[in-house]
Structures are given as C-alpha cells and as structure tokens.
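*Asks:* Handing you a structure now.
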Amino acid sequence: MRRFTRWTDQRVEDIIGNLLRAGVILSALVVFVGAMVYLARHGQKPVDYRTFRGEPSDLRHIRGIVEDAASFEGRGIIQLGLLLLIATPVARVAFSIFGFALEGDRMYAGFTLIVLMVLLFSLLGSSLS
Amino acid sequence: MNILEFTGLVCAGSVIAGLLGSLTGLGGGVVLVPLLTLFFKVDIRYAVGASLVSVIATSSGAAAAYVKEGFSNIRIGMFLEIATTIGALLGAFLAARVSGNVIATVFGLVLFYSAYLAGRPRVKHAFDDIPDPLATRLKMNGSFPEGEGMRHYCVHRVPTGFSLMFGAGALSGLLGIGSGAVKVLAMDQAMRIPFKVSTTTSNFMIGVTAAASAGIYLNRGYIDPGLAMPVMLGVLAGSFIGTRILVRAETKWLRLVFAAIILMLGGQMLYKVLAGRI
C-alpha cells in the first residue's frame, strides 16, 4: 500500500512538473509575441515610469485583457501572457487537489482546497468587483 | 530614453538579476526592485508588480525540474502555503494602503537581512529522529534520496514554522519578492527540515505565494505590461542560463559578492528614502 502511495505521489508530481513547464513556456511565448507588436508600434515613444498612475482599467481585469489581446493590442497580448503565468501555479494547486483525492488523502485535499480558495479570491474576487 | 532602449536595458539588467538569483539560490526579486527603482527611476509600485511576475516565472520554471528529483515535500509545502497565501493577501492589501516610502524602507531592511543571510556560513544542526506528534498527525515526516538510499527525517515546531510562513507571505505580497530566504529559514532552522528539502520545497511554494498577491496587484494596476515584459523574459533567461552553467561549482565567493551587492543596494534604498527621493 505504501509503495503504491509513493508511486502515485511521484506520478502526480511528474504531471505537475510538466504542467508548470508548459505554463511558463506558453506564457513566455505569448509575452514575446505581444512584445514584438508593442515595440514595433510604440518603440520610438518616450518612456516614463517615474510617477505611478496605475494601469488603465481594461488592463486590470480578465475580461478587458482578453478583449485587448483579441484586437491585437501589444500591451493586451503581453498582459494576457502574464495572466497565463499567474494562472499556472493556480492550475498546479487545482491539480494537487485531484492528486490528493486520488490517493484518498482527504485531509490534504482539504488543505489544498483552502489554498485554491485564497488564490481564486485574489484572482477572481478582486477582478469581478 | 525611448521605449525600445528602455526595454533593452531593463531586459539586460533582468538577465543579470536572474543569473545571480539562480546561482546564489536567493531569487532575482531582491536585486530587481532596487535595480528598477534606483537605476531606472521606476516608481516602486510598478517595480514591485514587475518583480512579482518574474518571481512566478522562475519559481514555476525551476519547480518543474525539482519535483522530478524527489527532494521537495508537497505535503509540507501545501500545508504551509495556507499561511503564505493568506499572508500574501494581507501584504498586497497593505501595499495599496501605505506610501512608497514605507515599502522602500521595509525593502531596505529586508535587503540588509538577506545580505546577512547570504554572507554568513550556514549553520548545520543535528538531526534527531524523535517524531513530533503534530507533524506526525499532519503526515509531514518524509525521506529524500541521499547517497545510495533514502534518508528519513522528522519535522518539528510546526506552529512556529507556520507563523514564520505567514510573515514570509506578507513580505512577498508587500515587496513583490519570493522571500525564499525567510521560507528556508522557517523550514531549515525552525522546523528542522533538511536543507535540500527546505530549499526545493520553498521554491515550489514561492510561485503559489506570489500568485496569491498577483491577482490583487493586477487589479490595482501595479502590473504594467511594458515594464513586466522585459523583466519577466530577462529573469527567465538569466535563471535558465544560471541553472545550466553552474550546477556544482563553488558558490561561496559568489554568495559573498551577492551579499555585498544587496548590502549596497539596501543602503542606497534607505538613503534615498531619508533624502526624500523615492
């Protein structure tokens, strides 16, 4: 039984490892594409990050980011890539719940669920308001 | 400076930060924010947002390699992530309430502390195998590959570790760093988890912790795509090179150089706050 549990642990970890790598590579590619569009269109403009203004509201919310990216806006595509990057650890945690449940470890499935709730609260809760 | 030049320079700086961070195991965040605020004159809130994004990238990238080696303990990590993610939410909320000066001051102090941690020789503690009842109930004790066999270890002082992790999460959310140093401190020193297990488990926790504050950062407009783009791609490239070129070489002198750099950056950060230039 113990041997079986360890094998499952390792199997779940392998899948998670691949999931993380895929998420990072995908988001880096999307950010890179966005960067090309952004730099080609705005590369010659002056830069100013000295004073904090905050991003325009369309780049703060999931819906606005997706809309901007769909209309091939450079900054929107980059932001979509960053959103994918932020979603990667969230997907990892979600998959861990599945992994613990598969092993019959209810206590840890519960702990992981708490972590997922906190992450979703941050990502969706503040974004919907 | 136009956007093209700025992007190129920030990207180059981020490659170096990512390289140093992965070679010393301290992460790029602690160098990035001072680099952006002191040399590129970026407002600290934008700097913190960009740094946080790069922290998720490097942590997820490295964790993919570590989980296969069998060192990291997912149960310890997941349990402590309850503390780090809630701490990170608190830190991110605080970041919106306090002024840039307060963030810069706390950052300066954290830099001093990181320099101290990086510069001092690591204290090895004796392992004991008397199981702690709470850690046993939480199924945290584990084993890791060493030499030819597996070595068993017992986890201790779970409540202390849990509280320290809450602090690590809050710092991460406030400053946009991975605060891996505090996480390793909590696991290695307080909970007596073997160093290799502590560092790899900390690494996988960093990405999840950072994701908890990233949502709030995004919503508050701290994450600027134009700035986060060169930082993320640069740090990712730097840490990738770092893990490739140097796996087993002597890192003692490198840690000392790194300690000196962050000590300097910490001093400069605090000086600028006092001089009223941040």
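*Asks:* Just need a number here: residues in the stretch A:105-129 that are modelled with pLDDT of 90 or more and more than 8 Å from chain B (Cβ to nearest Cβ). Before you say what the answer is, go through the steps one by one.
*Replies:* Looking only at the stretch A:105-129, we keep the residues that are modelled with pLDDT of 90 or more, and these are A:105-122.
Of the ones still in play, those that are also more than 8 Å from chain B (Cβ to nearest Cβ) are A:106, A:109-110, A:113, A:116-117, A:120.
Of the residues in that region, 7 qualify.
*Asks:* Moving on. Of the residues in the stretch A:83-117, how many are more than 22 Å from the chain's Cα centre (by Cα) and of a type in the set (Lys, Arg)?
*Replies:* 1
*Asks:* Do the conditions hold for A:PHE72, that is, is it outside any helix (DSSP H, G or I) and more than 20 Å from B:VAL42 (Cβ to Cβ)? Spell out the reasoning first.
*Replies:* On the way: outside any helix (DSSP H, G or I): yes; more than 20 Å from B:VAL42 (Cβ to Cβ): yes.
So A:PHE72 passes the test.
*Asks:* Using the structure shown, decide if A:LEU84 is in contact (Cβ under 8 Å) with a residue 60 or more places away in the chain, in contact with a helix residue (DSSP H, G or I) (Cβ under 7 Å, 6 or more places away or on another chain), more than 9 Å from every other protein chain (Cβ to nearest Cβ) and part of a helix (DSSP H, G or I). Let's see the steps before the verdict.
*Replies:* Working: in contact (Cβ under 8 Å) with a residue 60 or more places away in the chain: yes; in contact with a helix residue (DSSP H, G or I) (Cβ under 7 Å, 6 or more places away or on another chain): yes; more than 9 Å from every other protein chain (Cβ to nearest Cβ): yes; part of a helix (DSSP H, G or I): yes.
Taking the combined requirement at face value, the residue satisfies it.
*Asks:* Now for a different question. Please determine, by comparing only the residues of the stretch A:33-54 that are outside any loop (DSSP other than H, G, I, E, B) and of a type in the set (Gly, Ala, Ser), which one is surrounded by the most Cβ atoms within 10 Å (Cβ to Cβ). Can you show your working first?
*Replies:* Step one: of the stretch A:33-54, the residues outside any loop (DSSP other than H, G, I, E, B) are A:33-42, A:46.
Subset that is of a type in the set (Gly, Ala, Ser): A:34-35, A:40.
Working: A:GLY34: 26, A:ALA35: 23, A:ALA40: 10.
My answer is A:GLY34.
*Asks:* Could you say which residue among B:GLY25, B:GLY21 is surrounded by fewer than 24 Cβ atoms within 10 Å (Cβ to Cβ) and at pLDDT below 90? Walk me through how you get there before you give the answer.
*Replies:* Numbers: B:GLY21 fails: surrounded by fewer than 24 Cβ atoms within 10 Å (Cβ to Cβ).
Going through B:GLY25, B:GLY21 in turn, the sole match is B:GLY25.
*Asks:* Within the stretch A:22-64, work out how many residues are under 15 Å from B:LEU227 (Cβ atoms), at pLDDT below 95 and of a type in the set (Val, Ile, Thr).
*Replies:* The total comes to 2.
*Asks:* Is it true that some residue in the stretch B:4-17 is of a type in the set (Asp, Glu), in a helix (DSSP H, G or I) and closer than 20 Å to B:GLY238 by Cα?
*Replies:* Yes, there is a match, as at least one residue in the stretch B:4-17 is of a type in the set (Asp, Glu), in a helix (DSSP H, G or I) and closer than 20 Å to B:GLY238 by Cα.
*Asks:* Hey, another quick one. So which residues in the stretch A:90-122 are without any contact (Cβ under 8 Å) to a residue 40 or more places away in the chain and touching a Gly at 6+ places or on another chain (Cβ under 7 Å)?
*Replies:* If the condition is that a residue be without any contact (Cβ under 8 Å) to a residue 40 or more places away in the chain and touching a Gly at 6+ places or on another chain (Cβ under 7 Å), then A:SER122 is the only one that fits.
*Asks:* Step by step: first the residues of the stretch B:219-236, then only those that are part of a helix (DSSP H, G or I), touching a residue at least 60 places away in the same chain (Cβ under 8 Å) and facing chain A (nearest Cβ under 7 Å), then the one that is nearest to A:LEU124 (Cα to Cα). Which residue is that?
*Replies:* Here is the first cut: in the stretch B:219-236, the residues part of a helix (DSSP H, G or I) are B:219, B:225-236.
From what is left, the residues that are touching a residue at least 60 places away in the same chain (Cβ under 8 Å) are B:226-236.
Within this subset, residues satisfying the condition of being facing chain A (nearest Cβ under 7 Å) are B:226-229, B:232-233, B:236.
On the way: B:GLY226: 23, B:LEU227: 23, B:ALA228: 21, B:MET229: 23, B:MET232: 23, B:LEU233: 25, B:LEU236: 26 Å.
Looking at residues that are part of a helix (DSSP H, G or I), touching a residue at least 60 places away in the same chain (Cβ under 8 Å) and facing chain A (nearest Cβ under 7 Å), I get B:ALA228.
*Asks:* Additional query: For the stretch A:44-58, what are the residues that are under 22 Å from A:PHE121 (Cβ atoms) and at the interface with chain B (Cβ under 7 Å from one of its Cβ atoms)?
*Replies:* The answer is A:GLY54, A:GLU55.
*Asks:* In the stretch B:268-278, what residues are assigned to a helix (DSSP H, G or I) and surrounded by 15 or more Cβ atoms within 10 Å (Cβ to Cβ)? Walk me through how you get there before you give the answer.
*Replies:* Looking only at the stretch B:268-278, we keep the residues that are assigned to a helix (DSSP H, G or I), and these are B:268-274.
Hits for the stretch B:268-278 are B:GLN268, B:MET269, B:LEU270, B:LYS272, B:VAL273.
*Asks:* Given the condition within 14 Å of chain A (Cβ to nearest Cβ) and under 30 Å from A:ASP48 (Cβ atoms), answer yes or no: does some residue in the stretch B:192-203 qualify?
*Replies:* The answer is no; no qualifying residue exists.
The values are calculated or read from the model by the stated rules, or taken from the named source; none is laboratory data. Note that the coordinates shown come from a computational prediction; the quantities given were computed from them, not determined experimentally. Ideal geometry is used to build each Cβ from the backbone, glycine not excepted, and the neighbour counts take in all protein chains shown.
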